[in-house]
Each structure stands twice: as C-alpha cells, then as structure tokens.
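S.K.: Here you go, one structure.
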Amino acid sequence: VDVFACSLDQVGLLEMSRLVEATGGLMVLGDSFGQSVFKESLRRVFERFPDEVPVDGGQMHMAFGTSLEVFTSREFKVSGAIGPVMSLNKHGPNVSDLEVGKGGTSAWSIGGADPNTTIAIYFDVTNPGNTPLSENKRRFIQFLTKYQHSNGRTRLRATTLCGPWYNPPTPPKDGAPANWDAQQSPVRSSFDQEAAAVLVARMAVHQTETDEVADVLRWVDRSLIRLCAKFADYRVDDQASFRLPAEFSIYPQFMFHLRRSQFLQLFNSSPDEAAYYRYTLSRENTTNSLVMIQPTLLSYSFNGPPQAALLDSESVRPDCILLLDTFFHVVVFHGETIAAWREQGYHEQEEHAAFRSLLEAPQGDAQMIMDHRFPVPRYIVCDQHKSEARFLMAKLNPSQTHNSNLDGAVGGAQVNTDD
C-alpha cells in the first residue's frame with residue numbers, strides 16, 4: 001500500500017503508517033499535488049532498468065511479495081528486524097528471547113520492495129562468556145530473499161556470510177581498566193561507524209513508539225558513553241587524555257546530530273511529518289540515512305572549488321553560496337553580498353562571467369542530487385535574512401547567537417535561540 005499525501009492540513013498519515021510499513025509500501029508527503037515532490041516521485045515509482053542491462057533490461061525496478069529469512073550458526077541468534085517488514089512468526093532455535101524491533105521470528109514479509117529497500121537485522125550473541133569459542137571457530141549468516149520480479153517470475157537469492165569469532169584474552173588481576181584489550185581487539189579495526197550510527201538511529205526511532213523521547217535520548221547517551229569507555233584511549237580523571245581511534249572518530253558527531261534531528265526532536269513537526277520522516281529513515285540505505293541524520297553542507301565562493309562546510313552558523317558568509325542537503329530538502333542559500341550582486345544583475349554582464357558561473361554551480365549540483373533520489377526532495381532557493389532561510393538556519397549549530405557580539409565575536413551569522 002503506497003500513500004501519496006499532499007495537503008497543508010493533517011491527513012492521517014500517522015494512523016496509516018502501520019499499513020504502509022506492513023506492506024513495504026512507499027510514503028510521500030508534500031504540500032500540493034502540483035509540486036514536483038509529488039509528480040516526479042510518482043513517475044519514479046515506475047522507473048525501469050536501462051535496456052542494455054542484462055536479463056532485467058526494460059523491466060521495472062519494483063518487486064512484489066518479498067520475504068526475508070535469516071539463518072545463523074548456533075553461537076548467536078536473531079533478535080529482530082527494523083524496517084518495512086511484518087513478522088511471519090517463524091520460531092526456531094536461532095530466534096533470540098531478546099527482541100529488537102520486529103522480533104520473536106527469523107522470517108519477515110517485506111511486501112513491495114525496490115533496489116533501495118534496506119532492512120536492519122539485529123543479532124544476540126548467546127555463547128556464554130565463561131565458555132570461550134575455539135580459535136578456528138567461524139560464524140555463519142545466511143539471508144534468503146524471495147520475491148516476484150516485475151516480469152512475473154519468482155526469484156530466490158541466497159546471501160551467505162562467514163567470519164571468525166574473537167575471544168577476549170583473560171584480563172590481568174591487577175585491576176585493569178574496562179578497555180584494557182581494546183588496542184588489540186579486531187572489533188576496533190573493523191568497526192563501521194557509519195553503519196553503526198544508522199543502526200542505532202533505527203533503534204532509537206523504533207523506541208519512540210513505546211517510550212518517551214527523553215528516555216530515548218538518555219539511552220542514546222548511555223550507548224555512546226559505553227562505547228567510548230570500551231574503545232577510547234584515556235586516563236581516569238584526565239579529560240585532556242581522551243582520544244578516540246580513527247575508526248570511531250566521527251561516530252559521536254552522528255549521535256550529536258541524531259539527538260537534535262527531526263526524528264527525536266518533534267518541535268515544529270506535525271504528527272504526519274514525524275511519521276513520514278521516521279518511516280523514510282527506516283527503509284533507506286546507509287548513505288541516505290546518514291544525510292538525514294547529519295545533513296551535508298557545501299560552500300561555494302570565488303576562493304576556489306566547492307568545499308565541505310561545518311553545520312555551524314560560522315559557515316554563513318555574505319560572499320558565499322551554501323548548498324544544504326537534508327535528504328527531504330535541498331536548499332541553495334545566497335549570502336547577503338551575493339544576493340545583492342544578483343539583484344543588481346551583475347551575472348548578466350559579460351565581464352562578470354565568473355559570478356554567473358558561481359551562481360549556476362550550486363544549482364547544477366542540486367539538480368544532480370534530486371535526479372537520483374526518492375522521494376524527490378523539496379527544492380528551495382533563498383537569500384540571507386529572508387523567510388525561507390529558516391530551512392538552513394534551523395540545521396546549523398548556533399555558535400553565534402544574539403549575545404555573541406557582546407563578547408566581541410565577529411564572523412558568521414547570528415542564530416536566535418531560546419537562551
């Protein structure tokens with residue numbers, strides 16, 4: 001069941017979201033059916049593979065009647081899945097009593113699926129800690145995905161993974177810290193912080209269905225603290241000694257942006273918008289999910305090629321153009337000086353061809369972003385100090401506020417806060 005809702009009023013998307021999730025449907029929310037958010041998104045539902053693609057050439061991307069089943073070796077079990085799935089209540093020895101998301105089963109119905117549909121599977125290590133595994137022991141996971149292709153044929157895809165187990169060595173008896181073996185642990189060197197951030201974000205969003213947001217935020221904080229206590233290098237009671245390895249270095253900033261994202265902070269979001277944002281996060285891949293959690297910001301100026309900028313109010317400069325990608329919105333923001341030059345028509349003069357190129361560059365990059373995304377994001381072009389600039393300013397860290405000039409601070413843009 002797909003829902004395309006376009007209205008300035010509430011249409012009951014929150015109440016319908018369970019039906020969409022259970023059937024693997026699509027959800028698109030916009031202000032008007034005349035916007036490209038609706039029209040272009042609807043067209044992309046029926047996209048086809050290029051004719052030159054072997055076997056699938058000319059066929060639609062979508063699949064039907066999809067199901068997923070997971071098999072594991074005996075040392076660990078399936079805790080559950082988070083995404084557009086419905087439990088098939090298939091119990092077995094590889095099903096854990098610890099449930100995460102849709103748990104208590106090792107098989108789920110996905111319903112409709114497309115190449116971007118992503119399901120998060122969570123596992124529980126059940127081997128007792130006092131019974132170490134043999135050094136040559138391997139773990140095995142197998143995913144069986146069954147679906148009906150758009151050409152009417154049923155396909156079964158088996159994906160099998162294996163890897164070694166790691167047995168922590170016996171800790172010394174002289175009161176060693178909790179992270180004494182972190183330096184040698186292969187968990188540290190193989191940690192995927194991007195995937196981990198998305199998995200934690202899905203768990204946090206799923207918990208908001210039953211717990212208060214304040215409790216979920218505390219759970220996110222405690223999870224980050226436990227991870228840092230385990231893998232960071234530090235000396236007790238010495239803050240300056242704290243160091244995170246490169247494999248974990250950007251994970252805390254993902255958690256920082258998750259805490260203040262629209263997934264956990266519902267201020268200024270209607271119930272329908274909150275349901276739409278959360279459902280989209282639960283079905284997108286890692287790259288798109290990271291953009292939702294921590295939007296990307298590019299800065300364009302005469303000083304050189306586009307550069308990545310911090311999500312901070314100091315990045316707002318009068319002589320720069322900013323391109324913000326939040327997944328749901330793509331914003332081209334013109335600084336005060338750039339906007340004034342454009343209003344005076346400098347870009348229409350031949351001697352200012354460089355300025356014309358500067359104006360066109362972020363618009364071209366924005367179009368490239370929107371050409372490969374579903375749902376199609378809302379495209380916003382705005383100027384500094386104008387009303388639609390709020391879409392950018394709301395995503396920035398307010399390092400410059402209305403009190404900053406009292407301290408002699410200069411540069412950047414001021415952000416009015418509750419303080």
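S.K.: Which numbered condition trips up L133, out of (1) open to solvent by less than 40 Å² (accessible area, probe 1.4 Å); (2) over 25 Å from G163 (Cα atoms)?
M.R.: (2)
Let's see how each residue does on (1) among the small types (G, A, S); (2) in a helix (DSSP H, G or I); (3) open to solvent by 70 Å² or more (accessible area, probe 1.4 Å); (4) touching a residue at least 40 places away in the same chain (Cβ under 8 Å):
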residue	(1), (2), (3), (4)
V331	no, no, no, yes
W341	no, yes, yes, no
A361	yes, yes, no, yes
G364	yes, yes, no, no
M368	no, yes, yes, no
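S.K.: Mind checking whether some residue in region 208-221 is within 29 Å of D114 (Cα to Cα) and either surrounded by 14 or more Cβ atoms within 10 Å (Cβ to Cβ) or of a type in the set (G, A, S) (or both)?
M.R.: Within region 208-221 (the criterion being within 29 Å of D114 (Cα to Cα) and either surrounded by 14 or more Cβ atoms within 10 Å (Cβ to Cβ) or of a type in the set (G, A, S) (or both)), the answer is yes, since at least one residue qualifies.
S.K.: Which of the residues belonging to region 250-267 are of a type outside the set (A, V, I, L, M, F, W, C) and free of Cβ contacts under 8 Å to residues at least 12 places away in the same chain?
M.R.: R260
S.K.: Hey, another quick one. Mind checking whether some residue in region 10-26 is more than 26 Å from R373 (Cβ to Cβ), in contact with a Ser or Thr (Cβ under 7 Å, 6 or more places away or on another chain) and either outside any helix (DSSP H, G or I) or without any contact (Cβ under 8 Å) to a residue 12 or more places away in the chain (or both)? Spell out the reasoning first.
M.R.: In the first step, residues of region 10-26 are kept if they are more than 26 Å from R373 (Cβ to Cβ); the result is 15.
Keeping just the survivors that are in contact with a Ser or Thr (Cβ under 7 Å, 6 or more places away or on another chain) gives none.
Within region 10-26, none of the residues are more than 26 Å from R373 (Cβ to Cβ), in contact with a Ser or Thr (Cβ under 7 Å, 6 or more places away or on another chain) and either outside any helix (DSSP H, G or I) or without any contact (Cβ under 8 Å) to a residue 12 or more places away in the chain (or both).
S.K.: Shifting gears a bit: Output the residue which, of all residues in region 66-76 that are of a type outside the set (S, T, Y) and at pLDDT 95 or above, is surrounded by the fewest Cβ atoms within 10 Å (Cβ to Cβ).
M.R.: F71
S.K.: Would you pick out the residues in region 300-324 that are open to solvent by 10 Å² or more (accessible area, probe 1.4 Å) and touching a helix residue (DSSP H, G or I) at 6+ places or on another chain (Cβ under 6 Å)? Can you show your working first?
M.R.: First pass over region 300-324, keeping only residues open to solvent by 10 Å² or more (accessible area, probe 1.4 Å): 301-312, 314-315, 317-320.
Correct list: A309, P318, D319.
S.K.: Then there is this: If I ask for residues that are under 19 Å from Q294 (Cβ atoms) and of a type outside the set (S, T, Y), which ones from region 214-238 would you list?
M.R.: Taking region 214-238 as the starting set, the residues that turn out to be under 19 Å from Q294 (Cβ atoms) are 216-217, 220-221, 223-224, 227-228.
Those that are under 19 Å from Q294 (Cβ atoms) and of a type outside the set (S, T, Y): V216, L217, V220, D221, L224, L227, C228.
S.K.: With respect to V37, is the statement that it is within 22 Å of the chain's Cα centre (by Cα) and surrounded by 14 or more Cβ atoms within 10 Å (Cβ to Cβ) true?
M.R.: When the stated conditions are applied, V37 passes them.
S.K.: Name the residue, out of K146, K173, that is open to solvent by 30 Å² or more (accessible area, probe 1.4 Å), at pLDDT 95 or above and not in a helix (DSSP H, G or I).
M.R.: Step by step, each of K146, K173 is checked, and only K146 is open to solvent by 30 Å² or more (accessible area, probe 1.4 Å), at pLDDT 95 or above and not in a helix (DSSP H, G or I).
The values are calculated or read from the model by the stated rules, or taken from the named source; none is laboratory data. Predicted model, so just to flag it, every value in this text is computed and none were measured. Don't worry about glycine lacking a Cβ; one is built from the backbone with ideal geometry, like all the others, and counts go over all protein chains shown. Only protein heavy atoms, including side chains, enter the accessible area calculation; ligands, DNA and RNA are left aside. Shrake-Rupley method; radii C 1.70, N 1.55, O 1.52, S 1.80 Å.
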